[in-house]
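Peer 1: The structure that follows is given in the form of structure tokens.
The values are calculated or read from the model by the stated rules, or taken from the named source; none is laboratory data. Because the structure is a prediction, the values reported are computed rather than measured. Cβ placement follows ideal geometry from the backbone for every residue including glycine, while neighbour counts extend to all protein chains displayed.
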Amino acid sequence: MIDELYQEIILDHSKRPRNTGRLENATAAAEGFNPLCGDRLTLELRIEDDRIEEAKFAGSGCAISTASASLMTEVLKGRTKQEAEKLFERFHELLTSDAADSSGLGKLAVFSGVREFPARVKCATLAWHTLKAALENSREKVSTE
Amino acid sequence: MTNAVKSFDAAEIRKDFPILRQLVHGHPLAYLDNAASAQKPRAVIDAISRFYSSDYSNIHRGVHALSERSTRLYEQGRVQVQRFLGAADAHEIVFTRGTTEGINLVAQTWGRRNIGAGDEILITALEHHSNIVPWQMLCEERGARLRVAPVNDRGEVEKFEFTERTKLLAMAHISNVLGTILPVREVAAAAHARGITVLVDGAQAAPHMKVDVRELDCDFYVFSSHKLYGPTGVGVLYGKSALLEAMPPYQGGGDMIRTVTFEKTTYNTPPYKFEAGTPDIAGVVGLAAAIDYVNEIGIDNIGGYEHELLGYATRELEKIDGLRIIGTARRKAAVISFVLEGIHPHDAGTILDRYGVAVRTGHHCAQPLMDWFGIPATTRASFAFYNTREDVDALVRAIHKAKEMFA
């Protein structure tokens, strides 16, 4: 079961996260914080005509939260705000509901193993909560608590 | 090694703890989260069950047989705590809900009466949030200032700087994160020489070393039952008689009064003045059973065995590449916090759990201390006298598994 949580693709993205660093010309940003484990991340987005053209993140966290942020920045590219929000809903369902359907989630489906580790759901959703705050253009720091 | 330690039979002792006899994810449980809470011996579980089965009633004022029995057991519990701490009088023992409530009680009663604008409260950099936040709240309310004695790289506190305005020193006896044993007796003497009141957070010390409040000469000492192999929901506040008598009440209600009219209420004497409402009676009975159990084994034997286990665990963990122990105090209790290169503590904790090893990961309610060491979190293994070298070996094996996974 531990191998289902730490799948190869998650380990890969946690060790070599994609889209890290600051984003030039960011049009939206938010900071996320998980007080339980001290994970923090800053997410920056470049949105043009309602479409997310680019996403980058910076911060420190566990393998699950880092891989989740990394994969999220990959799948967000080219999606509209509405599509991104819908994706978060489906992703959250994947982590929390036994009846969840992972079709169409692509690489994000690798996080289905998190369902068996309730204490780690917050790690996987930190980046997504931060995304939601950035899309709502909230300047407030979001917290998973 | 003393003879007592040599003859210490942890394998035999483990049989007293039913919960330890189980597999977790198919592996024998290695319970190394004792600094968070300790497991309960059969004697404690049975004492609570027996109390509810045959003696239970509300205490004080009842004239019937059960109330008299319950009252006697509850007050015997107080005497047992008094002896356990070496206090001069049973009336110096106040039952609370736990260490946190004990500290809040002192902050809101003694603190409100004695801390004024411009006064200072000195704490240390390794305190648990429960020995930081109540004082911050008090300082805010009174316009006082919170000052912090720093830790060194080993996690020791060497410099306690008192000023003319320092009114209270609030310090841990043992750090829950680093295991550092603080020199309470010496520091309390220095504080008293300047007329400073001393509160000691003994949550991590009472279960692992001999505590004698008169030898330490502290003014207040607090600890929790659940870390001392007793039930949750009960804690102890020791306070010197003269201080307790001068303090205003904490909460208002039944049991804490002498006479009540709508015009004027007079208060009971300590400790009852601070025990409004029906207390956790069965909790106190369970705590008393836990103290009996600890006394039977001997707190010095427990401390000696745990120290030996700490040495073994430290040596074994130091052999692991990329593992760094946080907290290397020269006087240290059986707590080991560590970080692993390339593995976040949260991931380490999850993997260790899959091998039956229960540790705690995170900031351990000591965020300022984490900031000082420049780390977001640690993995912490904390030991009790029912832990064995096999538990340490299981921990080491599981860490190697985590390293393989993240290699």
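Peer 1: Restricting to segment B:8-35, what's the tally of residues that are within 14 Å of another protein chain (Cβ to nearest Cβ) and in a loop (DSSP other than H, G, I, E, B)?
Peer 2: Total meeting the criteria: 2.
Peer 1: Further question on the same structure: On the basis of being of a type outside the set (F, W, Y), more than 22 Å from B:R331 (Cβ to Cβ) and under 19 Å from the mean Cα position of the chain (by Cα), does B:H226 make the cut?
Peer 2: yes
Peer 1: Among what's in segment B:231-290 and is modelled with pLDDT under 95 and touching a strand residue (DSSP E or B) at 6+ places or on another chain (Cβ under 7 Å), pick the residue that is nearest to B:G98 (Cα to Cα).
Peer 2: B:M256
Peer 1: Does B:E308 satisfy the condition of being surrounded by fewer than 18 Cβ atoms within 10 Å (Cβ to Cβ), touching a residue at least 24 places away in the same chain (Cβ under 8 Å), within 21 Å of B:D391 (Cα to Cα) and not assigned by TED's automatic domain parsing to the domain that holds B:F51?
Peer 2: Spelling it out, B:E308 is indeed surrounded by fewer than 18 Cβ atoms within 10 Å (Cβ to Cβ), touching a residue at least 24 places away in the same chain (Cβ under 8 Å), within 21 Å of B:D391 (Cα to Cα) and not assigned by TED's automatic domain parsing to the domain that holds B:F51.
Peer 1: Which of the helices (runs of 4 or more DSSP H) found entirely inside segment B:334-407 contain at least 2 residues meeting this: away from chain A (no Cβ under 11 Å), touching a Leu at 6+ places or on another chain (Cβ under 9 Å) and more than 16 Å from B:L310 (Cβ to Cβ)?
Peer 2: So the answer is B:367-373, B:389-406.
Peer 1: Please go through segment A:1-20 and give me each residue that is in contact with a Lys or Arg (Cβ under 8 Å, 6 or more places away or on another chain), within 11 Å of chain B (Cβ to nearest Cβ) and surrounded by 15 or more Cβ atoms within 10 Å (Cβ to Cβ), ordered by number.
Peer 2: A:I2, A:L5
Peer 1: Are any of the residues in segment B:249-259 surrounded by fewer than 18 Cβ atoms within 10 Å (Cβ to Cβ) and basic (K, R)?
Peer 2: Scanning segment B:249-259, I find at least one residue that is surrounded by fewer than 18 Cβ atoms within 10 Å (Cβ to Cβ) and basic (K, R), so the answer is yes.
Peer 1: Follow-up. Is it the case, given these coordinates, that B:G342 is modelled with pLDDT under 95 and not hydroxyl-bearing (S, T, Y)?
Peer 2: Yes.
Peer 1: Given the options A:L41, A:L94, A:L76, A:L71, name the one that is buried (at least 19 other Cβ atoms within 10 Å of the Cβ), in contact with a helix residue (DSSP H, G or I) (Cβ under 8 Å, 6 or more places away or on another chain) and without any contact (Cβ under 8 Å) to a residue 24 or more places away in the chain.
Peer 2: It is A:L94.
Peer 1: For residues in segment A:27-37 being in contact with a Lys or Arg (Cβ under 6 Å, 6 or more places away or on another chain) and away from chain B (no Cβ under 14 Å), which is nearest to A:N137 (Cα to Cα)?
Peer 2: Across segment A:27-37, the extreme among qualifying residues is A:T27.
Peer 1: Could you tell me which of the residues B:I299, B:I291, B:I281, B:I320 is within 26 Å of B:L369 (Cα to Cα) and aliphatic (A, V, I, L, M)?
Peer 2: B:I320
Peer 1: Moving on to the next point. If I filter segment B:271-305 down to residues being of a type in the set (D, E, K, R) and either more than 27 Å from B:F220 (Cβ to Cβ) or surrounded by fewer than 19 Cβ atoms within 10 Å (Cβ to Cβ) (or both), which single residue comes out as farthest from the chain's Cα centre (by Cα)?
Peer 2: The selected residue is B:E296.
Peer 1: What's the number of the only condition in (1) within 14 Å of another protein chain (Cβ to nearest Cβ); (2) closer than 17 Å to A:R18 by Cβ; (3) among the basic types (K, R) that A:R115 fails to meet?
Peer 2: Answer for A:R115: the failing condition is (2).
Peer 1: Next question. Against the conditions (1) under 25 Å from the mean Cα position of the chain (by Cα); (2) assigned to a helix (DSSP H, G or I), where does B:R315 fall short? Just the number, please.
Peer 2: For B:R315, the failing item is (1).
Peer 1: So, one more: Out of curiosity, is B:R61 charged (D, E, K, R) and assigned to a helix (DSSP H, G or I)?
Peer 2: It is false that B:R61 is charged (D, E, K, R) and assigned to a helix (DSSP H, G or I).
Peer 1: Just to be sure before I move on: is A:S65 within 14 Å of chain B (Cβ to nearest Cβ) and either in contact (Cβ under 8 Å) with a residue 60 or more places away in the chain or in contact with a Ser or Thr (Cβ under 9 Å, 6 or more places away or on another chain) (or both) in the structure I sent?
Peer 2: Here the answer is yes, as A:S65 does meet what is asked.
Peer 1: Hey, could you check segment A:44-61 for residues that are among the small types (G, A, S) and in a strand (DSSP E or B) and say which is surrounded by the most Cβ atoms within 10 Å (Cβ to Cβ)?
Peer 2: A:A55
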